[in-house]
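Just so it is clear, none of the values below were taken in a lab; they were calculated from the coordinates. Please read these numbers as outputs of a predicted model, since none were measured by experiment. Ideal geometry is used to build each Cβ from the backbone, glycine not excepted, and the neighbour counts take in all protein chains shown.
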Amino acid sequence: MPVPIRRLLVALTLCCALLAGATACGSDAQDTAAVAATASPTSSAEKQKFAKTRFVANAGLAAGATYQWIVKPWRAGTFKKGAKGRKLALVKAGLAGTFTYNRLKAARKNAEGDPTLAKAVAPLTAGIDGLKDLPSKLRKGDSTDSVAGSFEDIINQVKGAGKSAGAEVTDKVPSTSQLSGG
């Protein structure tokens, strides 16, 4: 099947541009250090601002995933034995649980960059670490009521801690590709 000449020209142009860009961007230690120095925040206020922003983004994604794929189906009774769509809901909930745990760990790390957030989130460390084994329980269908309740409680505590530190967290439902990609 012949390929139109325009596609070939576009592909050739893109390849040349990428090749030229890659060869022009040689990397040595001095260039890398210069870029890192200019890209990082310079004042402590900027570091705090970036930490809060990243905290809100990560905690928001965790909250959205928890609500969409764990709490909502749990309240609807989808996790009960014999419910229609139970297996798929449990697999999604397991993925969402893993995603939530990952984003909450990232949010906790972001909170360390801001003194106010660090104080507010510090008591939640044990609770976040306690979520580690729960996604596998969701996938298997083990004690779904207590597992879903645990996720909901931790998310509410993280939201409260963020709000008390001036970083209000709102739910942001991740796409399924973000969910499966981790």
Review point. Going highest first, how would you order 114-121, 167-174 by mean Cβ packing within 10 Å?
Key: 114-121, 167-174
Point to revise | Hits among lysines - C-alpha to C-alpha of residue 159 under 27 Å, sequence gap 8 or more where chains match | key: 47, 49, 52, 72, 92, 105, 109, 119, 132, 137, 172
Check your understanding: Can you list the HN-Hα couplings for the range 159-170, worked out from phi with the Karplus curve (6.51, -1.76, 1.60; θ = phi - 60°), rounded to whole Hz and with x for Gly and Pro?
Key -> 4, x, 5, x, 5, 5, 9, x, 10, 6, 9, 10
